[in-house]
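Since the structure comes first, as structure tokens, the remarks are kept for the end.
The values are calculated or read from the model by the stated rules, or taken from the named source; none is laboratory data. Keep in mind the model is a prediction, meaning the values are calculated, not measured. All Cβ positions, glycine included, derive from the backbone under ideal geometry; neighbour counts span all protein chains shown.
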Amino acid sequence: MSLTLYDHPLSSYCWKALIALYDTGVAFETRVVNLGDPADRAAFQAVWPLAKFPVLRDDARGQTVPESTIIIDYLAQHYPAARSLVPADPDAARQVRLLDRLIDSYIHNPFQQIVSERLRPEGAKDPFGADQNRAKVREGLDLLAPMIAGEGWAVGETFTLADCAAFPALYYADYAVPLDAWPQLRAYLARLKTRPSVQRVLAEAEPFFQYFPLKDG
Ligand SMILES: N[C@@H](CCC(=O)N[C@@H](CS)C(=O)NCC(=O)O)C(=O)O
């Protein structure tokens, strides 16, 4: 197998890459990384020093590709089945990439900080910081909502990188900042959940969900 994805089934950024792979049918195998195991962490650091997943290894092309957005861009460039994830039209591609950046920067990343705060040990909690990040997520949702006002996917009728980015960000953010105030995003999330690639990612994560720190609110 040429493609290996270093991942973890609960990792929101891995979901983004997995949705792209499942949706396009590009063949790959997964290498689940246990960052809590020093040997496994060291092995992963040898692949990518930051030890952040997902990372895609393409043995056929001799490439190691970190960062979820770059992985999807890479698949779209080099694997014909994945071409539609980034539109050929430059203006449409720019809109897809813009949404991807906005979603990651202003929803997904501050959400991650809320999770990090929850995982801090007693005595090192930072509820003020968590509230600030909740406010950032709200700002991100305010920004995104009018951009996803239609009935289709994030940019037109084709499922793209922007949709791969949107699902994990909205799904997880909903636990920290319920989407009820953004009905168009709630409806979009429901549409995303009908996608078989998304359903597969959710099913694979299910056994691990007990470890998600915000699952009980
Ligand atoms: N910008 C990166 C973010 C990757 C990231 O934050 N991954 C998280 C999992 S969702 C991770 O590896 N966390 C482990 C750690 O930070 O130690 C991407 O888009 O791939």
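In region 169-197, the residues that are over 22 Å from Leu10 (Cβ atoms) and buried (at least 21 other Cβ atoms within 10 Å of the Cβ) never reach a residue that is of a type outside the set (A, V, I, L, M, F, W, C) and at pLDDT below 95 with C-beta atoms less than 8 angstrom apart, at least six apart or across chains. Can you tell me which residue in region 33-67 is farthest from the ligand (Cβ to nearest atom), limited to those that are within 21 Å of Tyr211 (Cβ to Cβ), part of a helix (DSSP H, G or I) and without any contact (Cβ under 8 Å) to a residue 24 or more places away in the chain? So the residue we want is Ala39. When the criteria are applied in full, Val96 meets the requirement of being in the same structural domain as Ala165 (by TED's automatic domain parsing) and not basic (Lys, Arg). Of the listed requirements (1) more than 9 Å from the ligand (Cβ to nearest atom); (2) within 26 Å of Ala166 (Cβ to Cβ); (3) without any contact (Cβ under 8 Å) to a residue 40 or more places away in the chain; (4) of a type outside the set (Gly, Ala, Ser), Ile70 misses just one: (1).
For region 1-30, filtering for residues that are in contact (Cβ under 8 Å) with a residue 60 or more places away in the chain and either on the phi > 0 side of the Ramachandran plot or aromatic (Phe, Trp, Tyr) (or both) leaves 3.
The residues on offer are Val137, Val115, Val201, and the sole one that is surrounded by fewer than 19 Cβ atoms within 10 Å (Cβ to Cβ), of a type in the set (Val, Ile, Thr) and outside any loop (DSSP other than H, G, I, E, B) is Val115. Taking region 75-111, which residues are surrounded by fewer than 18 Cβ atoms within 10 Å (Cβ to Cβ) and within 14 Å of the ligand (Cβ to nearest atom)? Result: Arg101, Ser105, Asn109.
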